[in-house]
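If you scroll down you'll find the structure; I have some questions about it.
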Amino acid sequence: MDPVPTLIPRVSVCMAAYNGANHIREQIESILLELSATDELVIIDDCSTDSTKSVVEGIGDPRIRLIAGTTNAGYVRTFERALSESRGRYVFLSDQDDIWIPGRTERMIAGLQDKDMVVSNCRHFDGPLGRFHRIRLKAKDSNHTLRNLAGIVIGYRLHWGCAMAFRRELLPKILPFPAHMRESHDQWIAMVGIVNRSIRYLEEDTILHRLHGENLTPQGIRSAGKIFAARLDFFRNLLIATRRALAN
């Protein structure tokens, strides 16, 4: 007897998890409400030392694909693995401690009908706003390729990974992540969408982004050396993204 064919998910949500037991159940429940019966939530547990893994297992939903890492790889490589495990036509990134606003999935997919990537704004909560949190995307800027790339390099155009989705066709240009990259995977992914001239900004908030002391976005001012190194990496990423765009 031939094996029963596996349905290809319409949506894959990719989450990197590490010591997220406090909030991960609330986040997962908000995501599952937005998914159909054949969609998937891919969670890579990056060797958590708390009860994250057991909390996820306790939810008991067949749409969850929980994969345990064997070594602590850090959030960038963990997100990279989650994306590589995805199977859906539409790929969403997700943090472990936010809350999806109802209607988010369909609103984002509607924005992907003639674009390869969509990025919305976030409504930040549960902590004080820093300068990064006040940056808002505007729909009218979606097609300003050079200005948007400059915004990533200089730092005035911020793309939150938790507010991103893209079509599967873009995945070969996103993966693998540049080998030197240790942070800002979300800016890398946005850069790929911009270089390929296929990104849409949604001005509305589609996610509640939780702010707390363990968030990875820097809250203070970095040293000049770290700022220079980050900007240099952005230029390197831009060259890689451009080469991949030209190769396809």
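A short reminder: the numbers here are calculations on the coordinates, not readings from a lab. If you're wondering where the values come from, they're calculated on a predicted model, not measured in any experiment. All Cβ positions, glycine included, derive from the backbone under ideal geometry; neighbour counts span all protein chains shown.
May I ask you to sort ASP233, ASP95 by Cβ crowding, counting other Cβ atoms within 10 Å and putting the fewest first?
Result, fewest neighbours first: ASP233, ASP95.
Could you go through the range 139-151 in sequence order and give the Karplus-derived ³J(HN,Hα) for each residue, using 6.51 cos²θ - 1.76 cosθ + 1.60 with θ = phi - 60°, rounded to whole Hz, and x for Gly and Pro?
Each residue of the range 139-151 in turn: 4, 5, 8, 4, 9, 8, 4, 5, 5, 5, 5, 4, x Hz.
Arrange the following residues from fewest to most other Cβ atoms within 10 Å of their Cβ: MET15, MET181.
MET181, MET15
Apply the Karplus curve 6.51 cos²θ - 1.76 cosθ + 1.60, θ = phi - 60°, to the phi angles in the range 57-69 and return the couplings in whole Hz, x for Gly and Pro.
So the J values, rounded to whole Hz, are 4, x, 5, x, 9, x, 6, 8, 10, 8, 10, 8, x.
While we're on this one: What is the antiparallel percent of DSSP beta bridges lying wholly in the chain, to the nearest 5?
In the chain, approximately 25 percent of DSSP beta bridges are antiparallel ones.
Please give every one of the aspartates and glutamates within straight-line cross-link reach of LYS140, meaning a C-alpha to C-alpha distance under 12 Å, and leave out same-chain neighbours fewer than 8 residues apart.
GLU203
Enumerate by residue number the trypsin sites (Lys or Arg not before Pro) in the range 118-154 meeting two conditions: DSSP loop (anything except H, G, I, E, B), and at most 14 other Cβ atoms within 10 Å of the site's Cβ.
ARG131, ARG136, LYS138
Under 5 Å between amide hydrogens, which residues at least 5 positions from VAL13 or on another chain qualify, with H placed 1.01 Å from N in the peptide plane?
Correct list: GLU40, LEU41, VAL42, PHE92.
For HIS212 and GLU85, what is the calculated FRET efficiency with R₀ set at 30 Å and r taken between the beta-carbons, to the nearest 0.05?
That pair, HIS212 with GLU85, gives E of 0.65.
For LEU146 and ARG197, calculate 0.36 nm times their separation in residues minus their Cα-Cα distance, and state this gained length in nm to one decimal.
Answer, rounded to one decimal: 17.4 nm.
Enumerate the calculated ³J(HN,Hα) couplings along the range 21-26 in order (Karplus 6.51 cos²θ - 1.76 cosθ + 1.60, θ = phi - 60°), each rounded to whole Hz, writing x wherever the residue is Gly or Pro.
4, 5, 10, 5, 5, 4
List the residues whose amide H sits under 5 Å from the amide H of GLY20, counting only those 5 or more places along or on another chain, with H placed 1.01 Å from N in the peptide plane.
Here the answer is THR52, since their amide H atoms fall under 5 Å of that of GLY20.
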